[in-house]
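Structure first, then comments.
The values are calculated or read from the model by the stated rules, or taken from the named source; none is laboratory data. Nothing here was measured: the structure is a model prediction, and the numbers come from that model. Every residue, glycine as well, gets a Cβ built from its backbone with ideal geometry; the counts of neighbours run over all protein chains shown. The accessibility values were calculated without ligands, DNA or RNA, using every heavy atom of the protein model including side chains. Shrake-Rupley method; radii C 1.70, N 1.55, O 1.52, S 1.80 Å.
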Amino acid sequence: MKKLINKFKEGKIAEGNLILILIAIIILLAIFSPKFLTANNIKNLVRQTSIIGVVAIGMTFVIISGGIDLSVGSILGVASIISSMLMVSGLPIFLAIIVAMVVCTLLGVINGIIVYDGKVPPFIATLGMMTAARGIVMLISNARMIAGLPRTFSNFAQITILGMPSLFFVWLLVIIATFIVTSQTVIGRNLFAFGSNPEAARLSGINIRTLTYFIYGISGFMCAIAGILMTSRLSNGIPTAGTGYELDAIAAAVVGGASLSGGSGTIIGTVLGALLIAIIRNGGNLLGINPFILQISVGVLIVVSVMIDQRRKASV
Amino acid sequence: MGDTAFIELNQIVKDFPGVKALKGVDFSVYPGEVHGLIGENGAGKSTIIKIMMGVHQKNSGSIKINGDEVIIDNIIQAGRLGLAAVYQDLNLAMDLSIGENFFIGNLPKKKSGLVNWKYVYEETEKTLKDLKIVIDPRKKISELSPAMQEMVAIAKTVHLNSKLVIFDEPTALLTNEEVEILFDIIKTLKKRNVAIVYISHRLEEIFDICDRVTIFKDGEWVDTTDVEEIDEDQLINKMVGRNITEMYNIGHQSPGDDVIRVKNLTREGNFQNISFDVKAGEIFGFFGLVGSGRTEIMRAIFGADKLTSGSIELNGKPYKPKSPIDGIKKGIGFLPEDRKEQGLALALSVKHNINLSSYKDINRFSFVDKKQENSRADKYIDKMSIKTPSRRQTVGNLSGGNQQKVVIGKWLCNDSNIFIFDEPTVGIDVGAKREIYKLMEELAAAGKAVILISSYLPEVMGLSDRMAVIYEGNLTAVLDRKDFSEERILKHASGIK
Ligand SMILES: Nc1ncnc2c1ncn2[C@@H]1O[C@H](COP(=O)(O)OP(=O)(O)OP(=O)(O)O)[C@@H](O)[C@H]1O
Ligand SMILES: [Mg+2]
């Protein structure tokens, strides 16, 4: 523990700054807004953050690998529409969920195939997928909301366990699982090696083809989870669900210390990044700050946190 | 040599987290002098250069130029003071012409606002001629041989008003002839009364070109002396603290069965009709000029590049590699010549890099066995004497030579049985070189096949049991050890029949 504190002080823990900033903002908001620390607000905050938080974790895999995934929002939309259409048509809930997961994971893998086999830069490949997947959503839903979901399904997002929304526990599960994958497994090691130097990784015998499929597949899978959670929360399948999420997810990862040049980033960092952005937005609303000003501050936060991170890296 | 030093560094201290890189060293260079700087990997040579060039800031100590104390904050300021450094990674834009590279970011304009190309090429040509380099400045960098690229980088760095020029291991990838060209440039500079710092791990070069030599060891100054007053053995002794004689003296095995048999290997544009075999317990040398296709042949065998035609047998069985995964599965370890681009994940730890190709063997249900991971890292840090504060250190922070040792450690760790070493001792100090040669001996004695590619003739001649010579993608000779002679090898390597 002492060691940990020392490391913290020396700025060796990447997330150190973030934790401090987060604590400071929470204290400030608690002082200035009586509503901030109420159970209702916290629940609301957590519900919102959980969904984007799951997407951001998938994005973190992609960013560590040196890529980017712009298609997350659209794939989330696919999950929302497919799962709700299937449920409405009478398929059992869990089957509908599984089908949505499989489809979204496959869409992610297709991203991986385009990137690896097609040698298309990730930015372009996923930009294409972003556009096409949204098109698919609009096509199959006729651009209309899907209503009439089973009760049990819609209720899920409203349940609280130990006072916390169920969505939070899904996020937590995702956090724990991906934390273990990135820090304890061979896949995690290979992911960082690939992101740091793809050619050295290839010449070291890492199967970078399957790794690429896996990375984009994971991102697609996370979008499926997020899309299903969102559908449950809104009790409807929404064709525009997830629009703009790609930028929020990238922002969370980057604020959390992931570098777009690949090879660095952590799950915990991304979680903190997502929380920070959400808290600033939520707190700002409570304080009645002009939303445009909030938008400006989130923009500044993204840039500043990357600058701070560059400094830290240069000094170590 | 004048009376006052052009640059004088006193009691320079530089700490990095966990590393005392310089512990109060003195160093000075006079105008018109070629000053050699030598020391083991991690001794602090590059660090003191970077302090002079304003890349790093010293913790304490003083720098004087022409007797006046100066503070050097950044590279631009160093340039203004007349300091120039040629680093090993050349920093040229490959797709631009030589002239464009010279004026990059600073292209002269005509009144109309268009680039004044005539001026660009005339000036470039003049600068090149000044250093006795004859080449068309309109040529693209990528069309030049590596040696010529290096010359261009030197000419670009060295301005007419440069007063101190630093060469950090300039000859690492050059062959004898090319080294001669470089030495001519250095002599030209010397005549202009420029002060020169020359860092190299090839000690005979120090005797060829330097007037004085300074030795660092573990961040401390050991000695500065006239080159005439010291011999190679004494130099080595001061550098590594012990004597190393008979650098290339290793035991040779009686060869076993064929491990690799290669027939008519061709890769269009790179090499044609290459046939050879390597036996167990053999050290098989590959000599040829940089760019002659040696590396490409090995990459194809390893599975990194595709072949156009030809066949390979490993231990008598046909082998058709589709990717390095196949090569590694069959026990081939490949040490690439460009460690930064191909060998290392610079942003990751020493531990991670050493284990990079072994994680497939040290996991349970894909969970990394961390005990093994750590103990393997420690084992090879120790075996290769890698100088690092801990196994968690970022590889990018190690000195050049120590980075190279990490890559070798990776292939030892993976328990390969065919080792392809492409320029294994580039940038490695004498002590460590000797250790790598002993290691090759050890591998051969254990019945492994060792393929050694090197541009450094004494090394291939000294170590190999047999040697293949390559010229422009063709195998021009396979010689037995008893037939090795410099003249003969060079003839084959330059295509003279
Ligand atoms: N940016 C850095 N961060 C941490 N340690 C560093 C950094 N740069 C150099 N070092 C350490 O400082 C020491 C001196 O390194 P330096 O690069 O000067 O060695 P060198 O004499 O040039 O060795 P080589 O012959 O291998 O190039 C080494 O132990 C190295 O690991
Ligand atoms: Mg060095």
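A few remarks follow.
- Test: B:E169 is open to solvent by 70 Å² or more (accessible area, probe 1.4 Å), acidic (D, E) and either away from ligand 2 (no atom under 16 Å from the Cβ) or at pLDDT 80 or above (or both): no
- Residues satisfying the stated conditions in the range B:327-341, i.e. touching a residue at least 60 places away in the same chain (Cβ under 8 Å) and more than 8 Å from every other protein chain (Cβ to nearest Cβ): B:K330, B:G331, B:I332, B:G333, B:L335, B:E337, B:R339, B:K340
- Take the conditions (1) under 21 Å from A:F194 (Cβ atoms); (2) out of contact with any Phe, Trp or Tyr (no Cβ under 9 Å at 6 or more places or on another chain); (3) touching a residue at least 12 places away in the same chain (Cβ under 8 Å); (4) away from ligand 1 (no atom under 16 Å from the Cβ); B:K370 misses just one of them, which is (3).
- Scanning the range B:321-341 for residues that are touching a helix residue (DSSP H, G or I) at 6+ places or on another chain (Cβ under 8 Å) and open to solvent by 50 Å² or more (accessible area, probe 1.4 Å) gives B:E337, B:K340, B:E341.
- When we screen B:A195, B:A153, B:A147 for residues that are of a type in the set (G, A, S), in contact with a His (Cβ under 9 Å, 6 or more places away or on another chain) and open to solvent by less than 30 Å² (accessible area, probe 1.4 Å), the only hit is B:A195.
- Test set (1) more than 9 Å from every other protein chain (Cβ to nearest Cβ); (2) open to solvent by less than 40 Å² (accessible area, probe 1.4 Å) - B:L344 fails condition number: (1)
- Residue match in the range B:78-98 (condition: open to solvent by less than 30 Å² (accessible area, probe 1.4 Å), in contact (Cβ under 8 Å) with a residue 60 or more places away in the chain and either aromatic (F, W, Y) or touching a Cys at 6+ places or on another chain (Cβ under 6 Å) (or both)): no
- Number of the condition not met by B:V86 [criteria: (1) under 30 Å from B:Y119 (Cβ atoms); (2) of a type in the set (A, V, I, L, M, F, W, C); (3) more than 16 Å from ligand 2 (Cβ to nearest atom)]: (3)
- Given (1) at the interface with chain A (Cβ under 8 Å from one of its Cβ atoms); (2) at pLDDT 95 or above, index of the condition B:V350 fails: (1)
- Residue check for B:G67: open to solvent by 10 Å² or more (accessible area, probe 1.4 Å), within 16 Å of ligand 2 (Cβ to nearest atom), away from chain A (no Cβ under 14 Å) and small (G, A, S): no
- Unique match (being under 24 Å from B:G32 (Cβ atoms), away from chain A (no Cβ under 14 Å) and more than 16 Å from ligand 1 (Cβ to nearest atom)) among B:E143, B:E150: B:E150
- Considering the range B:13-40, the residues that are of a type in the set (A, V, I, L, M) and more than 16 Å from ligand 2 (Cβ to nearest atom) include one that is nearest to the chain's Cα centre (by Cα), namely B:V34.
- Of the residues in the range B:240-260, not one is more than 29 Å from B:D184 (Cα to Cα), in contact with a Ser or Thr (Cβ under 9 Å, 6 or more places away or on another chain) and of a type outside the set (S, T, Y).
- Screening B:D233 on (1) outside the structural domain of B:S464 (by TED's automatic domain parsing); (2) in a helix (DSSP H, G or I); (3) touching a helix residue (DSSP H, G or I) at 6+ places or on another chain (Cβ under 9 Å) shows it passes everything except condition (3).
Each row is one residue, and each column tells you yes or no for (1) closer than 29 Å to B:I206 by Cα; (2) within 16 Å of ligand 1 (Cβ to nearest atom).
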residue: B:S375; (1), (2): no, no
residue: B:R392; (1), (2): no, yes
residue: B:G401; (1), (2): yes, yes
residue: B:V407; (1), (2): yes, yes
residue: B:I418; (1), (2): no, no
residue: B:T425; (1), (2): yes, yes
residue: B:E441; (1), (2): yes, no
residue: B:L463; (1), (2): yes, no
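- Conditions (1) touching a Cys at 6+ places or on another chain (Cβ under 6 Å); (2) within 26 Å of B:M298 (Cα to Cα); (3) within 14 Å of chain A (Cβ to nearest Cβ): number failed by B:R376: (2)
- Top-ranked residue in the range A:189-204 [being small (G, A, S) and out of contact with any Phe, Trp or Tyr (no Cβ under 8 Å at 6 or more places or on another chain); ranked as farthest from the other protein chains (Cβ to nearest Cβ)]: A:G195
- The range B:22-40: number of residues that are buried (at least 24 other Cβ atoms within 10 Å of the Cβ) and over 30 Å from B:R192 (Cα atoms): 2
- Residue in the range B:427-439 that is surrounded by the most Cβ atoms within 10 Å (Cβ to Cβ), counting only those that are of a type in the set (A, V, I, L, M) and within 12 Å of ligand 1 (Cβ to nearest atom): B:A432
- Residue within the range B:291-306 that is farther than 14 Å from B:G473 by Cα and open to solvent by 40 Å² or more (accessible area, probe 1.4 Å) present: yes
- Complete set of residues in the range A:159-208 that are assigned to a loop (DSSP other than H, G, I, E, B), among the polar types (S, T, N, Q) and crowded, with 22+ Cβ neighbours inside 10 Å: A:N197, A:S204
- Looking only at the range B:172-214, and only at residues there that are of a type in the set (S, T, N, Q) and away from ligand 2 (no atom under 16 Å from the Cβ), the one that is farthest from the chain's Cα centre (by Cα): B:N193
- The range B:41-59 - residue that is open to solvent by 30 Å² or more (accessible area, probe 1.4 Å) and within 13 Å of ligand 2 (Cβ to nearest atom) and, of those, farthest from the other protein chains (Cβ to nearest Cβ): B:S46
- Of the residues making up the range A:211-219, none is open to solvent by 20 Å² or more (accessible area, probe 1.4 Å) and without any contact (Cβ under 8 Å) to a residue 60 or more places away in the chain.
- Pair list, Cβ < 6 Å and 6+ apart or interchain, from the range B:27-45 residues that are touching a residue at least 40 places away in the same chain (Cβ under 8 Å) to residues that are near ligand 1 (Cβ under 9 Å from one of its atoms) and among the acidic types (D, E): B:E40/B:D429; B:N41/B:D429
- Qualifying residue in the range A:117-125 (condition: touching a Ser or Thr at 6+ places or on another chain (Cβ under 7 Å), part of a helix (DSSP H, G or I) and open to solvent by less than 60 Å² (accessible area, probe 1.4 Å)): no
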